[in-house]
1. Among what's in region 35-55 and is assigned to a loop (DSSP other than H, G, I, E, B) and either charged (D, E, K, R) or at pLDDT 75 or above (or both), pick the residue that is most open to solvent (accessible area, probe 1.4 Å).
2. In this structure, is L70 loosely packed, with under 10 Cβ neighbours inside 10 Å and either in a helix (DSSP H, G or I) or at pLDDT 95 or above (or both)?
Amino acid sequence: MLRPKIPTMPSPVGVTAPPAVVQPTAVEPAPQTMAPAVPAARPSVQITPGSVLAVVGAGTAVVLVVGTVLVSMLLATAVTAASVAVCAVVVRSLLTSPNKRRR
């Protein structure tokens, strides 16, 4: 019935060059020299009262911003929950008909 078409390999077009032959070459090791092991000099970090104050100020600012964002998200969730609860009470009161009298 339905037979899948198998793609055929296209034949090369134009002039083709024969593959290049790679000749192996000898690997010569580099001469080894012994260098004295001297530790690299690293600059030392200098802590000044100004830098400490800047780090403390930046940390305080980050904590205040993150705290404000988290508190505002919690407040938004609480307001949404309260409004949904009020809507549920209103819908429930609308659905219960006032015509029903209990004896």
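1. The qualifying residue most open to solvent (accessible area, probe 1.4 Å) is R42.
2. no
The values are calculated or read from the model by the stated rules, or taken from the named source; none is laboratory data. Keep in mind that what you see is a predicted model, and the values were worked out from it rather than measured. All Cβ positions, even for glycine, are placed from backbone atoms using ideal geometry, and neighbour counts span all protein chains on display. For accessibility, only protein heavy atoms count, side chains too; no ligands or nucleic acids. Shrake-Rupley method; radii C 1.70, N 1.55, O 1.52, S 1.80 Å.
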